[in-house]
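Peer 1: Before I ask anything, here is the structure I am working with.
Read the figures in this text as sums done on the coordinates, not as results from a lab. What you are looking at is a predicted structure, and each value in this text was computed from that prediction instead of being measured. Cβ atoms come from the backbone with ideal geometry, glycine included; neighbour counts cover every protein chain shown.
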Protein chains: 2
Amino acid sequence: MATTTTNNLTRPEPKALASALEALTARFGNRLITSLAVREQHAHTTTWIPTQPPDAVVMAQEVADIQDTVRICAKHRVPVIAFGTGTSLEGHVNAPAGGVTIDLRDMNRVLAVHAEDLDCVIEPGITRKTLNEHLRDQGLFFPIDPGADASLGGMASTRASGTNAVRYGTMRDNVLALKVVRGDGEIITTGTRAKKSSAGYDLTHLFVGAEGTLGIIAELTMRLRGIPETIAAAACSFDSVRSACQATILAIQTGIPVARIELLNAEQVKACNAYSKLSLPETPLLLLEFHGSEIEVAEQSKNFGEIAKECGGGDFTWTTRPEDRTKLWQARHDAYWSVKALRPGAGVVATDVCVPISRLADCVTETEADLKRLNLLSPIVGHVGDGNFHCSLLCDVNDPDEMARGEEFMHRLIERAQSMDGTCTGEHGVGQGKQKYLKAELGSEALEAMRAIKQAMDPLNIFNPGKIVPAA
Amino acid sequence: MATTTTNNLTRPEPKALASALEALTARFGNRLITSLAVREQHAHTTTWIPTQPPDAVVMAQEVADIQDTVRICAKHRVPVIAFGTGTSLEGHVNAPAGGVTIDLRDMNRVLAVHAEDLDCVIEPGITRKTLNEHLRDQGLFFPIDPGADASLGGMASTRASGTNAVRYGTMRDNVLALKVVRGDGEIITTGTRAKKSSAGYDLTHLFVGAEGTLGIIAELTMRLRGIPETIAAAACSFDSVRSACQATILAIQTGIPVARIELLNAEQVKACNAYSKLSLPETPLLLLEFHGSEIEVAEQSKNFGEIAKECGGGDFTWTTRPEDRTKLWQARHDAYWSVKALRPGAGVVATDVCVPISRLADCVTETEADLKRLNLLSPIVGHVGDGNFHCSLLCDVNDPDEMARGEEFMHRLIERAQSMDGTCTGEHGVGQGKQKYLKAELGSEALEAMRAIKQAMDPLNIFNPGKIVPAA
């Protein structure tokens, strides 16, 4: 199947693998798991990419566990794959060459919170919701929200973002420093707690988005924000994707610091109406959130309301009451489930293109036309302030014709985004699924540079082999 | 002298160098310059580090000039050093192993401005002031202001920032994509115009801050901002560095989006009073700038005023009238010249530590005590919202005793910052001057990673050799 990149990888020698598993068992006892059920859970993908389970799973509890696992695996040339919550979307945790998955979920402690500096030091397995619960009492929060309750190590590794990246940036902008276990088990420290630094090559950002292919993230220092005094939610329907995008462009251009600005296309609104018993106009919908003081939020809402009106938007509603905010955003919160309910049993794949926002309306409109032409069902949600949108493509995985049309659609979507100076992946990462699109996007020289870096940092090719960089 | 890192580097073979210069002359005619005066200008440093001129200078006019120079130099194993405006502060443009400097000042065109997307594509030699003049008519600006009218290629290469990084980030946050000439003269494209991407290793951020040691930046795609509707300036004196820092911390914590927040210590205020005929209280001074709509700016100013009062600040003045803003910021604008005037003929060195802001008051206060103890003259200005401050150390370069005390002071300052989980360089870069501090800051594993990357990306070691990464 074209979405699968099999990467003709060599599995470890059976003897070497057996030796590695023996050493790991001696070290970890029943924290080394080889049951098929557990191994399959750890290669679970939320895509059409088939599951490729590892040979074993280590349940890590502390940094030394990661170090020892890496040392043992390196000695026997056995792949090592980091696992957070398994919510990645491009087969990142698959084990195409087998090997050992390090499950980091038990490494979920907050090691330090520095409220005055707006930073914290955490273990990689903590999820964003757990972190935010921990921070709430101190009036702080971690802003990145990719939807899933993912682990922070995983979010860093895929350079994740989500609904409020338009204001707070992506994981790229919010990781201050990392500790990373390298191939000999030693630890690379990439930075300090200083907010900015010019001290040499930016190792932090080399590991952010490296999908565990250059080492295993063992500790993260993250930027935090103060919980805003006031949060307002707003909603506005538009008669076309183009007018919704125009309102978005004007809001960004005039510097309204929107915290979230999400587009639901007509198909998605329809799905939400059906699933959540709403009665929204079945036309493109923008949902917004504003953060700030009471006065700032009122000003932002007013200014956006004027822009929406200018762009032909319908009624513009905004509110700061929590229960009303939830109601207003109901459609977005239920979007995923509303899509699943459209066609129970169908396979869902989330696409992830991102284009300059001036091209967003073109890109979404042409994509909608393509879906119609190919007779495919796929609601669209978009982080439109960033030019990033996701098609939730529903296909019957047992219908080869429909799957072929699905494949064609995804290829065309990515070619369209790339022709508009955009990217095949705004926030999901490359994993296995997007490797074949990198060359068209960045050219062979960039791929050669990535290969040289991979070779320099992981000469044994033990870290998550078969991900990101396609074979030469 | 301890500030100089001589890097026992091998100069090119005389025959190889002659062959390279011959080929360059054939290619560039009188755009290949070998006069000593011009060569010395291109190795000009603004520090105590002695000038180490290159063997020749190529005046580049287009990307092909960079490519051909690199190809010729690579063939003969001759170093290549990129030059923008020569305003770097750690000997970045020195040529410790000789070689050819590529002067990029004539490559100063704006190739495209995408107003709706808030980005532009530029050549590396354009300076920030020229770029901002170009953008003004479209209501856009490029926010990074390191003081000097530096070239954007140079600013990217040192990961520069400056007074308004507290709001708009550093060069790290504002470079979207680069084109970089690699060792065989081919071009690496690091990204697209999409605002965010998870498409593989972050090559953009590998080259940002690499100081020309991994390739030569030939084109930049930069983020822009809309010129704010209203700009307000504000000033407030404090009785101590600690209370000024406390006000800064509260402002950041409560989310006031200050555009600039600059500290002048008492010594610096005194120098400014003398130089600019001002009558400011000779105690620590905070200067601020707020950007936004009229209402937002008023709200920000009011909120900061309350914080300043709470922290024991004196009269708090703010204004949106351009002429009054200039007057209020007079002291900061004249800071550099006021320092020079304190002791005409003395050598000035700017230090550049950056610490978590909770430690800033301690760091500045201990530093002031150290200056007193060592009987040294050094006013201090700080980008305090980021925890970054500069001592402008004035020493008589012909007084060995004073120079020794100056060296001791700088060592102790960096050790102090590093012991507070800070960095030896917030924005100036490593160049030659800071190499000896990297190991203490990041550990030998990080240096090994940097060496591996340098070897992978520049196996011939022709790109700005002897910078950033200390010899193993």
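Peer 1: Using amide H atoms built 1.01 Å from N in the peptide plane, name the residues 5+ places from B:L140, or on other chains, whose amide H lies under 5 Å from its own.
Peer 2: Correct list: B:I227.
Peer 1: Given Cβ point charges of +1 (Lys, Arg) and -1 (Asp, Glu) and nothing else, what value in debye, to the nearest 20, does the dipole of the range B:329-386 about its Cα centre take?
Peer 2: On the way: 6 positive and 7 negative charges, 49 e Å.
The dipole of the range B:329-386 has a size of about 240 debye.
Peer 1: Label position 7 Å from Cα toward Cβ: report the copy-to-copy distances for A:D396 in nm, one decimal, ordered from shortest.
Peer 2: The projected label point of A:D396 is separated from its counterparts by 9.3 nm.
Peer 1: Once the Cα gyration tensor of the range B:258-400 is found, what semi-axes does its equivalent ellipsoid get, as square roots of 5 times the eigenvalues, in whole Å, sorted largest first?
Peer 2: Working: eigenvalues 165, 63, 32 Å².
Each semi-axis is the square root of five times an eigenvalue, giving 29, 18, 13 Å.
Peer 1: Using Cα pairs closer than 8 Å and at least 6 residues apart in sequence, work out the relative contact order for chain B, in percent. Provide the component values of the computation, followed by the final result.
Peer 2: Numbers: 1034 pairs, mean separation 78.1, N = 472.
Once normalised by length, the contact order is 17 percent.
Peer 1: When you have a sec, figure out the Kirkwood radius of the range A:170-312 from all distinct Cα pair distances and drop it here in Å to one decimal? Intermediate values should be presented prior to the final figure.
Peer 2: Values: mean 1/r = 0.0544 Å⁻¹.
The Cα-based Kirkwood calculation yields 18.4 Å.
Peer 1: With a Cα-only, solvent-free Debye model of the range B:230-328, what are the log10 I(q)/I(0) values at q = 0.14, 0.17, 0.25 Å⁻¹?
Peer 2: -0.47, -0.70, -1.35
Peer 1: At A:R11, with labels set 7 Å past Cα in the Cβ direction, how many nm apart are the copies from this one, shortest first?
Peer 2: Shortest to longest, the spacings are 6.0 nm.
Peer 1: Normalise the Debye intensity by I(0) for the range B:338-440, one equal point scatterer per Cα, no solvent, then take log10 at q = 0.10, 0.18 Å⁻¹ and round to two decimals.
Peer 2: -0.25, -0.84
Peer 1: Note the distances from A:D137 to each other copy's matching label point, with points 7 Å along the Cα-to-beta-carbon direction, in nm, sorted shortest first.
Peer 2: 6.0
Peer 1: Students often get this wrong, so check it: of A:K129/B:K439; A:K195/B:K439; A:K195/B:K302; A:K75/A:K434, which have C-alpha atoms separated by over 24 Å? All intermediate terms of the calculation are to be shown ahead of the outcome.
Peer 2: Details: A:K129/B:K439 36 Å; A:K195/B:K439 19 Å; A:K195/B:K302 26 Å; A:K75/A:K434 31 Å.
Where the Cα-Cα span goes over 24 Å, the pairs concerned are A:K129/B:K439; A:K195/B:K302; A:K75/A:K434.
Peer 1: Then there's this: For the range B:45-106 and the range A:114-166, what is the separation of their Cα centres, given in Å?
Peer 2: 43
Peer 1: Check A:A56: other-chain or 5+ apart residues with amide H under 5 Å from its amide H, H built from backbone geometry?
Peer 2: Close amide H contacts, sequence-distant or interchain: A:G99, A:T101.
Peer 1: Given Cα pairs under 8 Å that are at least 6 residues apart, what percent is the relative contact order of the range B:296-455? Walk me through the intermediate numbers first.
Peer 2: Numbers: 152 pairs, mean separation 34.5, N = 160.
Computed value for the range B:296-455: 22 percent relative contact order.
Peer 1: Loop only per DSSP, at most 14 neighbouring Cβ atoms within 10 Å: give me the GluC sites (Glu not before Pro) in the range A:40-110, ordered by residue number. List each step's numbers first, then the result.
Peer 2: Numbers: sites: A:E40, A:E62, A:E90; in loops: A:E62, A:E90.
Sites meeting the loop and neighbour criteria: A:E62.
Peer 1: Between the range A:417-449 and the range A:181-232, what is the C-alpha centre distance in whole Å?
Peer 2: Each part reduced to its Cα centre gives a spacing of 23 Å.
Peer 1: If the cut-off is a Cα-Cα distance under 14 Å, which aspartates and glutamates reach B:K467, setting aside same-chain residues fewer than 8 apart in sequence?
Peer 2: B:E90, B:E211, B:D458
Peer 1: Rounded to the nearest 10 degrees, what's the angle between the helix B:322-333 long axis and the longest principal axis of chain B, both from Cα atoms, 0 to 90?
Peer 2: With both axes taken from Cα atoms, the answer is about 70 degrees.
Peer 1: Select from B:V397, B:Q455, B:Q418 the residue farthest towards the positive end of the dipole of the range B:345-472; place +1 on Cβ of Lys and Arg, -1 on Cβ of Asp and Glu, and compute about the Cα centre.
Peer 2: B:Q455
Peer 1: Turning to a different aspect of this structure: Return one number: the angle in degrees, 0 to 90 and rounded to the nearest 10, between the long axis of the Cα atoms of helix B:266-276 and the longest principal axis of the Cα atoms of chain B.
Peer 2: The helix B:266-276 is inclined about 80 degrees to chain B.
Peer 1: Could you work out the mean projected area of the convex hull around the alpha carbons of the range A:14-105, in square nanometres to one decimal? Please list the in-between numbers first.
Peer 2: Working: hull surface 21.4 nm².
Projected area, direction-averaged: 5.3 nm².
Peer 1: Go ahead and run the numbers for FRET between A:I295 and B:D137, Cβ-Cβ distance against an R0 of 25 Å, rounding to 0.05. Intermediate results must be reported in sequence, preceding the final value.
Peer 2: Numbers: r = 32 Å, r/R0 = 1.28.
E(calc), rounded to 0.05, equals 0.20.
Peer 1: Just how large is the dipole of chain A about the Cα centre, in debye to the nearest 20, putting +1 at every Lys and Arg Cβ and -1 at every Asp and Glu Cβ?
Peer 2: Values: 47 positive and 58 negative charges, 141 e Å.
Here the size comes out at about 680 debye.
Peer 1: Rounded to the nearest 0.05, what FRET efficiency do B:K439 and A:R373 have when you use their Cβ-Cβ distance and R0 = 51 Å?
Peer 2: Values: r = 60 Å, r/R0 = 1.18.
With a Förster radius of 51 Å, E is 0.25.
Peer 1: Ranking B:V181, A:V469 by Cβ neighbours within 10 Å, fewest first, what do you get? Before the final figure, lay out the partial values.
Peer 2: On the way: B:V181 28, A:V469 24.
Listed from fewest to most nearby Cβ atoms, that is A:V469, B:V181.
Peer 1: PRE reach from A:R31 (point 7 Å along Cα→Cβ): which of the range A:47-71 fall under 15 Å by backbone N?
Peer 2: The answer is A:57-71, whose backbone nitrogens lie closer than 15 Å to the label point.
Peer 1: Now for a different question. Under 8 Å for C-alpha pairs, at least 6 residues apart: give me the relative contact order for the range B:110-226, rounded to a whole percent.
Peer 2: Values: 225 pairs, mean separation 38.1, N = 117.
Rounded, it is 33 percent for the range B:110-226.
Peer 1: Ranked from highest to lowest mean number of other Cβ atoms within 10 Å per residue, what is the order of the peptides B:223-232, B:144-153? Walk me through the numbers on the way to the answer.
Peer 2: Values: B:223-232: 18.0, B:144-153: 22.8.
With the highest mean Cβ count within 10 Å placed first, the list reads B:144-153, B:223-232.
Peer 1: Treating each Cα of chain B as an identical point scatterer and ignoring solvent, apply the Debye formula and state log10 I(q)/I(0) at q = 0.13 Å⁻¹.
Peer 2: Values returned for q = 0.13 Å⁻¹ are -1.25.
Peer 1: Across the Cα atoms of the range B:110-226, what radius of gyration and what greatest pairwise Cα-Cα distance (Dmax) are found, in Å?
Peer 2: 13.2, 40
Peer 1: Taking 0.36 nm per residue of sequence separation and subtracting the Cα-Cα distance, how much length would be gained by fully extending the chain between A:K15 and A:L460, in nm to one decimal? Present the calculation step by step, with values, prior to reporting the outcome.
Peer 2: Values: separation 445, 0.36 × 445 = 160.20 nm, distance 1.75 nm.
Difference between extended and current length: 158.4 nm.
Peer 1: Under a Cβ-only charge scheme (Lys and Arg +1, Asp and Glu -1), can you give me the dipole magnitude of the protein assembly as shown about the Cα centre, in debye to the nearest 20?
Peer 2: Working: 94 positive and 116 negative charges, 252 e Å.
With only Lys, Arg, Asp and Glu charged at Cβ, the dipole is about 1200 debye.
Peer 1: Additional query: Cα centroid distance between the range B:283-328 and the range A:293-363, in Å?
Peer 2: Taking the Cα centre of the range A:293-363 as reference, the centre of the range B:283-328 is 35 Å away.
Peer 1: While we're here: Note the full-extension length gain between A:E415 and A:D184 as 0.36 nm times their separation in residues minus their Cα-Cα distance, in nm to one decimal.
Peer 2: Numbers: separation 231, 0.36 × 231 = 83.16 nm, distance 4.01 nm.
Extra length available between A:E415 and A:D184 comes to 79.1 nm.
Peer 1: Let me ask something else. Give me A:I252, A:I307 ranked fewest to most by other Cβ atoms within 10 Å of their Cβ, as a rough exposure proxy. Present the calculation step by step, with values, prior to reporting the outcome.
Peer 2: Numbers: A:I252 24, A:I307 20.
Ranking A:I252, A:I307 by Cβ neighbours within 10 Å, fewest first, gives A:I307, A:I252.
Peer 1: Just want the ordering: A:E219, A:E366, B:E133, A:E441, from fewest to most Cβ atoms lying within 10 Å of their own Cβ.
Peer 2: Numbers: A:E219 20, A:E366 15, B:E133 10, A:E441 24.
Going from least to most buried by this count: B:E133, A:E366, A:E219, A:E441.
Peer 1: Report ³J(HN,Hα) in whole Hz for each residue of the range A:422-435, in order, from the Karplus equation J = 6.51 cos²θ - 1.76 cosθ + 1.60 where θ = phi - 60°; Gly and Pro get x.
Peer 2: x, 10, 6, 8, x, 7, 8, x, 8, x, 8, x, 9, 4
Peer 1: Sequence-distant or interchain residues sharing an amide H contact under 5 Å with A:N388, placed H: which?
Peer 2: Under 5 Å from the amide H of A:N388 lie the amide H atoms of A:V355, A:H383, each far enough along the sequence or on another chain.
Peer 1: I've got another one for you. How large is the Rg to Rh ratio of the range B:30-157 when both quantities use alpha carbon positions and Rh follows Kirkwood? Numbers along the way, then the final one.
Peer 2: Numbers: Rg = 15.7 Å, Rh = 15.5 Å.
My calculation puts Rg/Rh at 1.01.
Peer 1: Does anyone have the angle between helix A:14-28 and the longest principal axis of chain A? Alpha-carbon axes, 0 to 90°, nearest 10?
Peer 2: That helix lies at roughly 80 degrees to the long axis.
Peer 1: What FRET efficiency comes out for the pair A:D396/A:K129, r = Cβ-Cβ distance, R0 = 30 Å, nearest 0.05?
Peer 2: Values: r = 33 Å, r/R0 = 1.11.
Calculated value: 0.35.
Peer 1: Once you wrap a convex hull around the alpha carbon atoms of the protein assembly as shown, what is its projected area averaged over all directions, in nm²?
Peer 2: On the way: hull surface 150.1 nm².
One quarter of the hull surface, i.e. the mean projection, equals 37.5 nm².
Peer 1: Which ³J(HN,Hα) values, rounded to whole Hz and listed in residue order, are derived for the range A:300-305 from phi using the Karplus coefficients 6.51, -1.76 and 1.60 in 6.51 cos²θ - 1.76 cosθ + 1.60 with θ = phi - 60°, glycine and proline given as x?
Peer 2: Result, ordered by residue: 4, 5, 4, 4, 5, x Hz.
Peer 1: Which of A:A82, B:A247, B:P54 sits farthest toward the positive end of the charge dipole of the protein assembly as shown, with +1 on the Cβ of Lys and Arg and -1 on the Cβ of Asp and Glu?
Peer 2: B:P54
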